[in-house]
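Report on the structure given below.
The values are calculated or read from the model by the stated rules, or taken from the named source; none is laboratory data. Keep in mind that what you see is a predicted model, and the values were worked out from it rather than measured. When we count neighbours, we look across all protein chains shown, and the Cβ atoms used for this are built from the backbone with ideal geometry, even at glycine.
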Amino acid sequence: MHPVLIRIPIQIRPHLPALTRLPRTWTLLYSLDQHGISLNTLYSRCEPKLPSTPGATKGALVVIKDARDAIFGVWMGDGLWLERGGYYGSGESFLWRYHRPSSKEDGLEDGTLDVYKWTGRNDYVALCEPGFISFGGGDGHYGLYLDASLLDGSSAPCPTFDNPVLCSRVDVGSVGVKKDVSFECVGLEVWGVGP
């Protein structure tokens with residue numbers, strides 16, 4: 001496992017609901033590298049099990065790495081699954097963005113984590129359809145979006161989480177403009193807390 005991905009769960013843990021912080025282990029539910037590039041596979045591997053089922057995990061931590069090395073994602077307290085009836089999710093969910101340490105000399109130094117919690121302005125937490133997966137919404141934009149290929153995505157500010165663009169920005173001249181910024185996904189993992 002890459003050292004950055006070890007640090008992210010440690011930094012995210014304080015932002016999780018109290019009972020979700022209790023287990024000390026994380027379980028890999030889906031990885032682009034290990035399980036293939038398939039939204040259907042992602043949904044089937046991440047579908048929550050009953051809490052009484054052996055090996056059941058809590059929630060879903062989605063970790064995305066774009067082609068310009070930005071690392072960002074979402075915590076879904078309810079877990080992640082195909083929902084054909086519209087949006088789902090609770091106020092426990094949040095978007096996040098990791099900033100690597102500025103010092104290249106000390107590879108052990110922690111970076112920083114920005115967390116964008118649910119604002120309560122709308123209930124557009126997660127929209128998981130057969131053709132795409134998205135988190136956050138409103139004003140015609142998704143906070144985080146991946147198409148069915150799991151390779152092409154976008155991010156934009158959205159009222160659900162009051163977040164900035166999460167991915168790397170190429171168009172730096174458009175600061176403050178509510179606009180989707182596209183990214184190429186080169187790494188995608190979904191982790192569950194526990195068992």
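What to note about this one:
- Residue match in segment 104-124 (condition: within 25 Å of Gly36 (Cβ to Cβ), part of a strand (DSSP E or B) and either touching a helix residue (DSSP H, G or I) at 6+ places or on another chain (Cβ under 9 Å) or of a type outside the set (Gly, Ala, Ser) (or both)): no
- Matching residues, segment 7-25, being in a loop (DSSP other than H, G, I, E, B) and touching a residue at least 60 places away in the same chain (Cβ under 8 Å): Leu16, Pro17, Pro23, Thr25
- Within segment 70-103, being within 16 Å of the chain's Cα centre (by Cα), assigned to a loop (DSSP other than H, G, I, E, B), over 19 Å from Gly153 (Cβ atoms) and of a type in the set (Ser, Thr, Tyr) holds for one residue alone: Ser90.
- Residues of segment 132-168 that are part of a loop (DSSP other than H, G, I, E, B), at pLDDT 95 or above and within 19 Å of Ala67 (Cα to Cα): Gly143, Ala148, Ser149, Leu150, Leu151, Ala156, Pro164, Val165, Leu166, Cys167.
- When residues of segment 116-136 are limited to those that are among the small types (Gly, Ala, Ser) and out of contact with any Leu (no Cβ under 7 Å at 6 or more places or on another chain), the one surrounded by the most Cβ atoms within 10 Å (Cβ to Cβ): Ala126
- Selection count where residues are modelled with pLDDT under 95 and of a type in the set (A, V, I, L, M), scope segment 91-112: 1
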